[in-house]
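Working notes, structure below.
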């Protein structure tokens, strides 16, 4: 795995091989990550990365958040509760020398609690367990999503987003489906 573009371009990240099934680590491949960021930066969604506050839920290796930092995001909050994942995230932050732009939260992404609004959310839960829906609902309730926040949701099947989430685009890459969504809160969800 490597950073695809930006200031960390070409930097190799910690190697997890084909992933760690026991730790639910299934890193997004370089090819899928490149396609995902091409989709985000292709103009349809404006410029969702520059100066963004990014929330990387089920962060795994942290590759998605670090790719966004490399491309100009202001700050990334990584959320994961796996020992192996947290170790990989720390190692990758050290490789990128970006600790001043990163926060690691050791927590189950479906139990976030209260937080600050973020502009871009990466949601890459273990496949087939309905955890993405739970994590997103918790993030909305806790105030983690800014109005009009863009959400990039990886899953292996069709997603069922909460009512305030609009699906803007969906693309399939092998066994991975990437849905780009937007948070469109009603007044009761704006804090």
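Test residue 54 against the stated conditions and say whether it is crowded, with 16+ Cβ neighbours inside 10 Å, modelled with pLDDT of 95 or more and closer than 21 Å to residue 156 by Cβ. No: the conditions fail for residue 54.
The criterion of at least 3 residues that are touching a residue at least 24 places away in the same chain (Cβ under 8 Å) and crowded, with 21+ Cβ neighbours inside 10 Å is met by the following strands (runs of 3 or more DSSP E) wholly inside the range 70-156: 75-80, 118-123, 145-155.
Residue by residue, here is whether (1) at negative phi; (2) touching a helix residue (DSSP H, G or I) at 6+ places or on another chain (Cβ under 7 Å) holds:
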| position | (1), (2) |
| --- | --- |
| 110 | yes, yes |
| 116 | yes, no |
| 148 | no, no |
| 177 | yes, no |
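Scanning the range 1-42 for residues that are exposed (fewer than 14 other Cβ atoms within 10 Å of the Cβ), within 22 Å of residue 177 (Cβ to Cβ) and at pLDDT 70 or above turns up 31, 38, 42.
The set of residues in the range 38-68 that are within 12 Å of the chain's Cα centre (by Cα) and assigned to a helix (DSSP H, G or I) comprises 63, 64, 65, 66, 67, 68.
The values are calculated or read from the model by the stated rules, or taken from the named source; none is laboratory data. What you are looking at is a predicted structure, and each value in this text was computed from that prediction instead of being measured. Using ideal geometry, Cβ is built from the backbone for each residue, glycine included, and neighbour counts are taken over all protein chains shown.
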